[in-house]
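Written below as structure tokens is the structure these notes are about.
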């Protein structure tokens, strides 16, 4: 049983953003500091990636640990109410993420996923991005 009224739960859920979230802004700032130039939310690519680095043929998804089920992460907990609903929802989210990744890779894009918990600070996000993007920038500059 939900402890909130239906109206209050609806209000809470309406405040959850899909784009321009705090982790996404941190990742964009970190990319900018690292010298990368990018586009955001390109609608012509499968899955509407959060960040697109066209020069490096790389897309970056900034995933929330809860919604996209980051393995072994404390933020990827399962709600206690309506367990069946949430299980189905999470399963569909993960399947969609997998399919979008496969589509982008078939189109020749490198796909990088940055998790919300990795974006605790701009410095942490920079470290993750530096690790993930050094291979793609070396490959792109040799092409």
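Estimate the FRET efficiency between residue 48 and residue 121 by the formula 1/(1 + (r/R0)^6), using the beta-carbon distance for r and 30 Å for R0, to the nearest 0.05. Let's see the in-between values first.
Numbers: r = 26 Å, r/R0 = 0.88.
E(calc), rounded to 0.05, equals 0.70.
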Worksheet item: Separation between the residue 81 and residue 134 pseudo-spin-labels, each 7 Å from Cα along Cα→Cβ, expressed in nm?
Response: 4.7 nm
Response to the item:
Dividing the helical contributions, -39500 (n - 2.57) per DSSP H run of n ≥ 4, by the residues of the chain yields a 222 nm value, nearest 500 deg cm²/dmol, of -16000 deg cm²/dmol
Worksheet item: Expressed as an acute angle from 0 to 90° and rounded to the nearest 10, what is the orientation of the C-alpha long axis of helix 22-33 relative to the principal long axis of the chain?
Response: 10 degrees
Discussion item. If each residue of separation counts as 0.36 nm, what is the full-extension length gain between residue 8 and residue 21 once their alpha-carbon separation is subtracted?
Written reply: 2.5 nm
Practice prompt. Kindly provide the Kirkwood hydrodynamic radius of region 72-113 in Å, to one decimal, from all pairs of distinct alpha carbon atoms.
Written response: 12.1 Å
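Counting only DSSP beta bridges with both residues in region 19-142, tell me the antiparallel percent, nearest 5. Don't jump to the answer; show the numbers that get you there.
On the way: 5 of 11 bridges.
Bridges in region 19-142 that DSSP calls antiparallel: roughly 45 percent.
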Worksheet item: Cα axis of helix 122-142 to longest principal axis of the chain: angle in degrees, 0 to 90, nearest 10?
Response: 40 degrees
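Work out the FRET efficiency for residue 57 and residue 91 from their Cβ-Cβ distance, taking R0 = 30 Å, and round it to the nearest 0.05. Present the calculation step by step, with values, prior to reporting the outcome.
Numbers: r = 30 Å, r/R0 = 1.01.
Once the sixth-power term is evaluated, E becomes 0.50.
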Worksheet item: Over the chain, what lengths in whole Å, largest first, do the semi-axes of the equivalent ellipsoid take, defined as the square roots of 5 times the eigenvalues of the alpha-carbon gyration tensor?
Response: 31, 17, 14
Worksheet item: Picking from 127, 76, 18, which is most flexible by a Gaussian network model of the chain using Cα springs under 10 Å?
Response: 18
Practice prompt. Subtracting the Cα-Cα distance from 0.36 nm times the residue separation, let me have the gained length for residue 73 to residue 39 in nm, one decimal.
Written response: 9.4 nm
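Normalised by the residues of the chain, what does the relative contact order come to in percent, with Cα pairs under 8 Å and at least six apart?
On the way: 153 pairs, mean separation 39.5, N = 143.
Relative contact order, the chain: 28 percent.
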Worksheet entry | Helix 83-106 vs. the chain, principal-axis angle (Cα, 0 to 90°, nearest 10) | 10 degrees
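Only the coordinates and a few stated rules stand behind these numbers; no lab work does. It should be emphasised that the depicted structure is a prediction, and the values quoted were computed from it without experimental measurement. Neighbour counts run over all protein chains shown; Cβ positions are idealised from the backbone, glycine included.
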